[in-house]
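Here's the structure, in structure tokens; my notes come after.
The values are calculated or read from the model by the stated rules, or taken from the named source; none is laboratory data. Nothing here was measured: the structure is a model prediction, and the numbers come from that model. All Cβ positions, even for glycine, are placed from backbone atoms using ideal geometry, and neighbour counts span all protein chains on display.
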Amino acid sequence: MHKADRAPSFFCCAPALASPLYCNAGLEERRIVVIHAANPMRTPLVDATTTIAELKTRVLAFAREREWEQFHSPKNLSMALAAEAGELMEHFLWADAAASRAHCQEPERRRKIEEEIADVVIYALEFANVTGVDLAAAIETKLAANAQKYPVEKARGRSEKYTEL
């Protein structure tokens, strides 16, 4: 597919530590451009040249080159995903909210946090590959459902579950 044939970029205003996958609100071929909410010039915070579909392809190729597909059942991938999420959580264990934000700014700890979130996303992408989940469509559907459960006028600034709003 040529660059001109791809869907246009999606701009997402996000907090300082934005995640490109969190901000993707379109097709897997749509380009992801994450901007800081306080940056009116829309300077990208991340390289916007990789799509979710391209990442899925690279993750699948990586597993195939190593003949790991035989181990990548939905059960095993969901367990690996949970294990990696636990390793990410370890970096914040016993830290309050302010300290957890500070952890993300410490260069060495941030490098380790980036490795863990990458592992989480890689396993999620491989899970999508193995199960045939259109990740972008699933995200769109979930965001729409969450918008219904958490209407802005009821949920803004509140942390309660939707059943408590």
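Here are a few things to note about the model shown:
- Any hit, region 81-95, residues being of a type in the set (A, V, I, L, M), under 16 Å from residue 131 (Cβ atoms) and in contact (Cβ under 8 Å) with a residue 40 or more places away in the chain: yes
- Test result for residue 53, of a type in the set (Gly, Ala, Ser), within 14 Å of residue 125 (Cα to Cα) and in a helix (DSSP H, G or I): yes
- Of the listed requirements (1) at pLDDT 95 or above; (2) within 21 Å of residue 139 (Cα to Cα); (3) touching a helix residue (DSSP H, G or I) at 6+ places or on another chain (Cβ under 9 Å), residue 48 misses just one: (1).
- Residue 75 being of a type in the set (D, E, K, R), at pLDDT below 95 and surrounded by fewer than 12 Cβ atoms within 10 Å (Cβ to Cβ): no
- Verdict on residue 63 being at pLDDT 95 or above, surrounded by 12 or more Cβ atoms within 10 Å (Cβ to Cβ), not in a loop (DSSP other than H, G, I, E, B) and not hydroxyl-bearing (Ser, Thr, Tyr): yes
- Failed item, numbered, when residue 114 is tested on (1) without any contact (Cβ under 8 Å) to a residue 12 or more places away in the chain; (2) part of a helix (DSSP H, G or I); (3) in contact with a helix residue (DSSP H, G or I) (Cβ under 8 Å, 6 or more places away or on another chain): (3)
- Looking only at region 120-165, and only at residues there that are in contact with a helix residue (DSSP H, G or I) (Cβ under 6 Å, 6 or more places away or on another chain) and not in a helix (DSSP H, G or I), the one that is surrounded by the fewest Cβ atoms within 10 Å (Cβ to Cβ): 165
- Evaluated against (1) at pLDDT below 95; (2) exposed (fewer than 15 other Cβ atoms within 10 Å of the Cβ), residue 89 falls short on exactly one condition, (1).
- Residue 112 surrounded by 12 or more Cβ atoms within 10 Å (Cβ to Cβ), modelled with pLDDT of 95 or more and either basic (Lys, Arg) or touching a strand residue (DSSP E or B) at 6+ places or on another chain (Cβ under 9 Å) (or both): yes
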